[in-house]
Amino acid sequence: MAKQWIKNGKFWDGKSVVIDNMRIWNPTDEQMISLGYSLYVAPQPSEAALLRSAKYNKIRQINDYNNSTNVNKFTINGKDMWLDVEERLQVATQINVNESAGRETMTRWYNGESYTFSIAQWKQMLILLELYAGDALNVSESHKAAVEALQTIEEVEAFDITAGYPNILSF
């Protein structure tokens, strides 16, 4: 990174300086000092600021992990898939409509493949999936609270964001 020079609270624009009516495009350190500039040294962040930054980054990692296929996944017949909350609501609506129509089975498509199960099986899978999603979210939220309570950067860095999540569902 290029040196930054400052004089009277203003940074040098990095273009040129004038010394004795002569424009100098690449002034030396000595020339900059002779013009009253001093080398800018960025202030070091406080321990509290570093801890806040570490916590912010760790919580971002928790959110990323929570939204990844490490958590947002279940399998049906060995195929990985995920239904977000909106899709789960759609499935619940489809179950209710199919059941109200007197159907005993329901078919749903996912990534070009059809899955047909009894209404009772769909209900049970959806209940388990909703419980899993809630449990996983609770783990993420408890991790965030735990990180916020930590007192040192070392503790924050050592915190295992992957611990405690429920086992991936397999149907």
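No value in this document is a laboratory result; all are computed from the given coordinates. The shown structure was predicted, so the numbers you read here are calculated from the model rather than taken from an experiment. FYI the Cβ positions are ideal-geometry reconstructions off the backbone, even for glycines, and counts take in every protein chain you see.
General observations
- Its DSSP H runs of at least 4 residues, each contributing -39,500 (n - 2.57), put the calculated 222 nm mean residue ellipticity of the chain at -15500 deg cm²/dmol, to the nearest 500.
- Annotation: aspartates and glutamates with alpha-carbon distance below 15 angstrom to Lys58 (same-chain offsets under eight excluded): Glu141, Glu148, Glu154, Glu155, Glu157, Asp160.
- Whichever lysines have a C-alpha closer than 28 Å to that of Lys3, once near sequence neighbours (fewer than 8 apart) are set aside: Lys15
- Excluding exposed DSSP-loop trypsin sites (Lys or Arg not before Pro) (at most 16 other C-beta within 10 Å), longest clean stretch of the chain: 104-171
- Listed values for region 122-137 are Karplus-derived 3J(HN,Hα) couplings in whole Hz (6.51 cos²θ - 1.76 cosθ + 1.60, θ = phi - 60°), namely 4, 4, 4, 4, 5, 4, 5, 5, 5, 4, 4, 4, x, 5, 5, 4, and x replaces Gly and Pro.
- Reachable lysines, given that their alpha-carbon falls under 30 Å from the alpha-carbon of Lys10 and they are not under 8 places away in the same chain: none
- Going from the residue with the fewest nearby Cβ atoms within 10 Å to the one with the most, Val71, Val156, Val18 rank Val18, Val71, Val156.
- Built amide H within the under 5 Å cut-off of Leu169, gap 5+: Thr75
- Chymotrypsin sites (Phe, Trp or Tyr not before Pro) within region 1-37: DSSP coil, no more than 16 neighbouring Cβ in 10 Å: Trp25
- Under the combined filter of DSSP loop state and at most 11 neighbouring Cβ atoms within 10 Å, region 58-121 retains these GluC sites (Glu not before Pro): Glu104.
- Relative contact order, whole percent, for the chain stands at 25, derived from Cα pairs under 8 Å and 6 or more residues apart.
- The order of Met125, Met22, Met81, going from fewest to most other C-beta atoms within 10 Å of their C-beta, is Met22, Met81, Met125.
- P(r), alpha carbons of the chain - 10 Å bins starting at zero, rounded %: 8, 23, 16, 13, 12, 10, 9, 6, 2, 0
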